[in-house]
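Student: Take this structure first; my questions come after.
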Amino acid sequence: MAHALATNPDIVTTLRPDEIEALRTRSVVPPREEITRSGRLEHSEHVIEGPGGDLRVILLLPAARTGPVPVLLFAHGGGLVVGGPYDGLAPLTALADEAGLAIASVDYRLAPEHRYPAAVEDVYAALAWVAGQASALDVDPDRIILSGISAGGGLAAATALLARDRGGPGVFAQLLVCPMLDDRNQTASSAQMAGHGAWDRDANETAWSAYLGPDRTDVPIYAAPARAEDLSGLPPAFIDVGSAETFRDECVAYADRIWQSGGDAELHVWPGGAHGFDALVPEALLSRDATLARARWLTRVLVHGRRTLAGI
């Protein structure tokens, strides 16, 4: 992992506000064959009505489906300031192809041009669209799984809270990969990783400041889910994180509060893993283990559905 960090020129350890625009130029759309798994997934782009105007959603459907399929509603990473709906999508397609899932990836608005609640409201609008158009899209409205990586993982968690508190649409489960949950940036792991690894506390501060603006008082739970005291009534969650990354402690604490609230969470802390380690070195044994753990959890949750501590 240390070698991968040292030799990868695209690794973002820290980030200043004036570097956001240059970082955006690195985003590259993968080849169509990679996205569709050589035609095993059908690809389409949809423009829906979002809270800020037109909102693009990328849809991938198993070509060999015989009826409505579960769907991962996916929010990409990028610290809330960079990225697009194709970022992080290619590795997820292998999971979708194997498990017979659809993917709906949201092109949510980015900060600092669009501050909170723009991004989370975009993801929520996509959730409502998928649920409302499920029959036409050939997806199962009762098996919508919120999913995201890094900042997208935080948005997925926030959208689950919004859906709970607004009374719908229904969310079946949450797949949160190294989610960005806490704007306070004061955990032990954020201090340990200052200046090290991928995405340190300075980059984190830049991102949260861009999203929330200069006034960080009374931050809503739908902006930073780690601030939520009550995590009851949420769908089952899978949370994983590396032991050598800024988000380690906030992810562990979030899983713990789900358990304390009587909910269902599966937590993995991957030893020695940096932020996004499975994307950095997908061939590493640790990366393969993490990918397999997500796939196995998805299989279990789709077979057994929702569980709680009180009703396993």
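The values are calculated or read from the model by the stated rules, or taken from the named source; none is laboratory data. Small disclaimer: the values here were computed from a predicted structure and weren't measured. Positions of Cβ are backbone-derived with ideal geometry, glycine not excepted, and every protein chain shown enters the neighbour counts. For the accessible areas, the whole protein counts, side chains as well, though only heavy atoms, and no ligand, DNA or RNA atoms are used. Shrake-Rupley method; radii C 1.70, N 1.55, O 1.52, S 1.80 Å.
Quick grid of which residues meet (1) surrounded by fewer than 23 Cβ atoms within 10 Å (Cβ to Cβ); (2) farther than 30 Å from I20 by Cα:
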{"residue": "L60", "(1), (2)": "no, no"}
{"residue": "A63", "(1), (2)": "yes, yes"}
{"residue": "T66", "(1), (2)": "yes, yes"}
{"residue": "L80", "(1), (2)": "no, no"}
{"residue": "T93", "(1), (2)": "yes, no"}
{"residue": "P112", "(1), (2)": "yes, no"}
{"residue": "V120", "(1), (2)": "no, no"}
{"residue": "L127", "(1), (2)": "no, no"}
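Student: Cβ-Cβ under 7 Å, sequence separation 6+ or interchain: first residue in segment 53-70 and touching a residue at least 12 places away in the same chain (Cβ under 8 Å), partner crowded, with 20+ Cβ neighbours inside 10 Å and of a type in the set (S, T, Y). Which pairs?
Tutor: Pairs that qualify, where the first residue is touching a residue at least 12 places away in the same chain (Cβ under 8 Å) and the partner is crowded, with 20+ Cβ neighbours inside 10 Å and of a type in the set (S, T, Y), are V57/S105; I58/S105; L60/T93.
Student: Next question. Kindly establish whether T36 is within 25 Å of P141 (Cα to Cα), surrounded by 16 or more Cβ atoms within 10 Å (Cβ to Cβ) and at pLDDT below 95.
Tutor: It is true that T36 is within 25 Å of P141 (Cα to Cα), surrounded by 16 or more Cβ atoms within 10 Å (Cβ to Cβ) and at pLDDT below 95.
Student: To continue, here is another question. Taking segment 206-227 as the search range and keeping residues that are in contact with a helix residue (DSSP H, G or I) (Cβ under 9 Å, 6 or more places away or on another chain) and free of Cβ contacts under 8 Å to residues at least 40 places away in the same chain, which one is least open to solvent (accessible area, probe 1.4 Å)?
Tutor: This residue is V219.
Student: Name every residue in segment 129-157 that is over 25 Å from I239 (Cβ atoms) and open to solvent by 40 Å² or more (accessible area, probe 1.4 Å), in order of residue number.
Tutor: W129, G132, Q133, S135, A136, D138
Student: Moving to a separate point now. Mind counting the residues in segment 2-28 that are surrounded by 14 or more Cβ atoms within 10 Å (Cβ to Cβ) and at pLDDT 80 or above?
Tutor: Result for segment 2-28: 7.
Student: Still on this model: Scan segment 96-122 for residues that are in a helix (DSSP H, G or I), modelled with pLDDT of 95 or more and either of a type in the set (D, E) or in contact with a Pro (Cβ under 8 Å, 6 or more places away or on another chain) (or both) and jot them down.
Tutor: A118, E121, D122
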